[in-house]
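The values are calculated or read from the model by the stated rules, or taken from the named source; none is laboratory data. Model, not experiment: these values are computed from the prediction. We place every Cβ from the backbone using ideal geometry, glycine too, and count neighbours over all the protein chains shown. Surface areas here come from the heavy atoms of the whole protein model, side chains and all, with no ligands, DNA or RNA. Shrake-Rupley method; radii C 1.70, N 1.55, O 1.52, S 1.80 Å.
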Amino acid sequence: MSGPELEFHRPDGPWVGAGPGVEECVLAEDPESGRRTALVRWAPGTDSSVAGVALHDVWEEVYLVEGAMHDLTLDRTFTAGMYACRPPGMPHGPWTSADGVTMLVITYP
């Protein structure tokens, strides 16, 4: 997989709305392969239950940088420092975040 060559730096890309209460800052993206790395943050009170359970056709890795999110299906709260690796088709969520959460999200085919 190719991608941009980036040495250590502070990401300064724009935060773009990605849904109600959700913003993301793309760190690296390769449109050819579909690989993508982004910081995603949820505002306090964000609730994804309207969208239901999520399913993706790509691999998804998520590392919670700060804050917490609650999985409504599992009735479990996940906090900063926790990590998930989801293969294509793995159901997850929906989620709520009472105080907000920031996560590193990596997706690839």
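Within the accessible area of the chain, the carbon and sulfur atoms contribute 57%, probe 1.4 Å, all protein chains present.
Taking all Cα pairs closer than 8 Å and separated by 6 or more residues, the relative contact order of the chain comes to 31 percent. Straightening the chain between Asp57 and Val105 buys 15.8 nm, computed as 0.36 nm per residue apart minus the Cα-Cα spacing.
Here the calculated FRET efficiency for Leu72 and Phe8, from their Cβ-Cβ distance with R0 = 41 Å, stands at 0.65, rounded to the nearest 0.05. With a cut-off of 18 Å, note down the residues of region 83-109 whose backbone N falls inside the zone around a label point 7 Å from the Cα of Trp15 toward its beta carbon. Residues 97-105 fall inside that zone.
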